[in-house]
Amino acid sequence: MRKRHLLLTGLPGTGKTTLLVKLARRLADLHPAGFYTEEIRESGVRLGFKLASLDGREGILAHVDMRGSFRVGRYGVDVRGLDTFVADLDLGECPASVVFIDEIGKMECLSTRFVELMRTLLGSRKTVVATVALKGSGFIAEVKGRPDCEIREVTIGNRDRLADELAQWIYERAERQGSPGR
């Protein structure tokens, strides 16, 4: 089976999100859709995570001050906020042939809407480029076990040179789907 989705994995802090955002910007002529996460920091201390769509929308994914039953480590996860965020983006129905997702991880997988969206996207003709947790069971393991997913490990040593190689990989798949070329 030809691989048509790209999963970026690796240890925390190796630059997976930075690489994903760099690829999304480099491939702007394909008019991709999707979102990435950014750390919320105050005085150098990480307090949570913000969602940022490629078209400029924002939301909160998790924060240390967030209360509720959904928690990962010291962070409360705003599952309802994530549900609303991904519903508003409507990535399953948008015209983009390439969709960037950061990330398929423990926090995001608390949302059944997110998991359903990912299954829809991975089953569609779209090319999905996503970061995925290095370790994890359930949906994380399911996605990593798909035969149509190419998995690349991002390290501090390879993250800079991967951008050119992976941009070409994505272009080849998007062009086969009838997307505008470079």
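The values are calculated or read from the model by the stated rules, or taken from the named source; none is laboratory data. As the structure is a prediction and not an experimental result, all values here were calculated from the model. FYI the Cβ positions are ideal-geometry reconstructions off the backbone, even for glycines, and counts take in every protein chain you see.
What to note about this one:
- Test for Cys149: is it surrounded by fewer than 20 Cβ atoms within 10 Å (Cβ to Cβ) and within 16 Å of the chain's Cα centre (by Cα): yes
- Taking the criterion of being surrounded by 17 or more Cβ atoms within 10 Å (Cβ to Cβ), on the phi < 0 side of the Ramachandran plot and not charged (D, E, K, R), the residues of the stretch 22-39 that qualify are Leu23, Ala24, Leu27, Leu30, Pro32, Ala33, Phe35, Tyr36, Thr37.
- Test: residue in the stretch 108-121 that is surrounded by fewer than 15 Cβ atoms within 10 Å (Cβ to Cβ), not charged (D, E, K, R) and not in a helix (DSSP H, G or I): no
- Cys94 meets the conditions (1) closer than 24 Å to Arg146 by Cα; (2) touching a Ser or Thr at 6+ places or on another chain (Cβ under 7 Å) in every case but one. The failed one is (2).
- Residues located in the stretch 56-104, provided they are in a loop (DSSP other than H, G, I, E, B) and surrounded by 13 or more Cβ atoms within 10 Å (Cβ to Cβ): Val64, Met66, Phe70, Asp78, Leu91, Gly92, Cys94, Ala96, Ser97
Per-residue answers, yes or no, for (1) under 15 Å from Met107 (Cβ atoms); (2) out of contact with any Gly (no Cβ under 8 Å at 6 or more places or on another chain); (3) at pLDDT 95 or above; (4) not hydrophobic (A, V, I, L, M, F, W, C):
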residue: Phe35; (1), (2), (3), (4): yes, yes, yes, no
residue: Phe49; (1), (2), (3), (4): yes, yes, yes, no
residue: His63; (1), (2), (3), (4): yes, no, yes, yes
residue: Met66; (1), (2), (3), (4): yes, no, no, no
residue: Ser69; (1), (2), (3), (4): yes, yes, no, yes
residue: Val77; (1), (2), (3), (4): yes, no, yes, no
residue: Asp83; (1), (2), (3), (4): yes, yes, yes, yes
residue: Leu91; (1), (2), (3), (4): no, no, yes, no
residue: Cys94; (1), (2), (3), (4): no, yes, no, no
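- Verdict on Leu134 being modelled with pLDDT under 95 and surrounded by 15 or more Cβ atoms within 10 Å (Cβ to Cβ): yes
- Qualifying residue in the stretch 126-136 (condition: among the polar types (S, T, N, Q), at negative phi and part of a loop (DSSP other than H, G, I, E, B)): no
- Check on Arg25, assigned to a helix (DSSP H, G or I) and touching a residue at least 12 places away in the same chain (Cβ under 8 Å): no
- The stretch 107-143: number of residues that are in contact with an Asp or Glu (Cβ under 7 Å, 6 or more places away or on another chain) and of a type in the set (Ser, Thr, Tyr): 2
- Number of residues in the stretch 48-70 that are of a type in the set (Asp, Glu) and more than 25 Å from Arg26 (Cβ to Cβ) equals 1.
- With respect to being among the polar types (S, T, N, Q), touching a residue at least 12 places away in the same chain (Cβ under 8 Å) and either closer than 19 Å to Leu27 by Cβ or in a helix (DSSP H, G or I) (or both), Thr155 falls outside the description.
- Of residues in the stretch 1-15 being at pLDDT below 95 and either assigned to a helix (DSSP H, G or I) or aliphatic (A, V, I, L, M) (or both), the one nearest to Arg146 (Cα to Cα): Met1
- Meets criteria (on the phi > 0 side of the Ramachandran plot and within 15 Å of the chain's Cα centre (by Cα)) for Asp102: no
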